[in-house]
Amino acid sequence: MAQFAALHGINKRTLHYYDDIGLFFPAYKTANGYRYYAQRQDLEFEYIMMLKDLGLSNQEIIDYRSHPDPDEFNGLFTRNLDDIDARIRSLQRMRTVLQTLQQRLAVCRRLTHTELQVVTLPETRIVRIPLNVDQSDVNLIYETARARWSREQLQMGIGTYIGAQRIRNGEHGHYDGIYSPAVDEAEGEHLPAGDYLQILHRGNWDTLPDCYTRILEYCTQHRLRLTGCAYELGLNEFALRTADDYVTRIRIRVEQR
């Protein structure tokens, strides 16, 4: 028994317990109580462990083994394959979230001062919700996002967007909606590839109006026209020491006049 337990990475007491409840018996027992397992039982035991890993209880496995049925076994596999596929998709989405947060932290670590530049970006995908809000409506923003998006999508961050005309009118504290980078490439809508004016700013929300002032000044100096919406997103909400460490990224598409 000790050899069998070691081979399968379990405790001898576990084998005693499985024998006592009728889940897995030794090939034979001696008169003085020693348990012996045959080589042919190795695979049988691994199948039992597989069923336990799939979430079946000991009693469910005992009941099935008492009345084995190929169709029922196949149905069990089908149901659990569906569950496994769902778990894989969930883990892939979580991986996307973690990689995205890592990339944002890397940007925040290297940022020593506000950066403003034109960057050429590939097509990306976002999910967004039209919502008439201002900077102070934090609870409404979160409640709206939570009602519509998955947990992984929320973890990608909740940003805001504002139309170019509002920026030109000086209404940059009032937003047209909320958005988040899509955690799943099959979801949401695309933001076109092209040239975007990007500002990376470290400071609390009260300093954001200065960012939009700089954006307008830059466009005037370089003869650029703002198009579409500005997409505003906090990059390090999950790793803040103080409000002054907050890093905001604003991106808006630009064209030459």
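What follows draws every value from the coordinates through simple rules; no lab data is involved. Just so it is clear, the structure is predicted and the values come from calculations on it, not from any experiment. All Cβ positions, even for glycine, are placed from backbone atoms using ideal geometry, and neighbour counts span all protein chains on display.
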- Rounded to the nearest 500, what is the chain's calculated 222 nm mean residue ellipticity when only DSSP H runs of at least 4 contribute -39500 (n - 2.57) each, over all residues? -14000 deg cm²/dmol
- Task: Note the full-extension length gain between Gln135 and Leu54 as 0.36 nm times their separation in residues minus their Cα-Cα distance, in nm to one decimal.
- Result: 24.5 nm
- Query: Among (i) 39, 19, 16; (ii) 60, 19, 16; (iii) 51, 22, 21, which one is semi-axes √(5λ) of the Cα gyration tensor in Å computed from these coordinates?
  - Reply: (ii)
- Distance in nm between label sites at Lys12 and Arg110, each 7 Å beyond Cα in the beta-carbon direction? 5.9 nm
- Pull up all non-local amide H partners of Asn236: gap of 5 or more, or a different chain, and H-to-H distance under 5 Å with H placed in the peptide plane. Val247
- Query: If you keep only loop residues by DSSP, which chymotrypsin sites (Phe, Trp or Tyr not before Pro) in region 1-85 have at most 16 other Cβ atoms within 10 Å of their Cβ?
  - Reply: Tyr34
- With only Lys, Arg, Asp and Glu charged, each at its Cβ (+1 for the first two, -1 for the last two), find how big the charge dipole of region 1-95 is about the Cα centre; round to the nearest 20 debye. 500 debye
- Message: So if each residue of separation counts as 0.36 nm, and I subtract the Cα-Cα distance between Asp63 and Asp19, what length gain in nm does that give?
- Response: 14.4 nm
- Message: As an exercise, identify the GluC sites (Glu not before Pro) in region 133-199 lying in DSSP coil whose Cβ has no more than 11 other Cβ atoms within 10 Å.
- Response: Glu185
- region 72-148: trypsin sites (Lys or Arg not before Pro) in DSSP loop, at most 16 other beta carbons within 10 Å: none
- Hey, what angle do you get for helix 12-21 against the long axis of the chain, alpha-carbon based, 0 to 90 degrees rounded to 10? 70 degrees
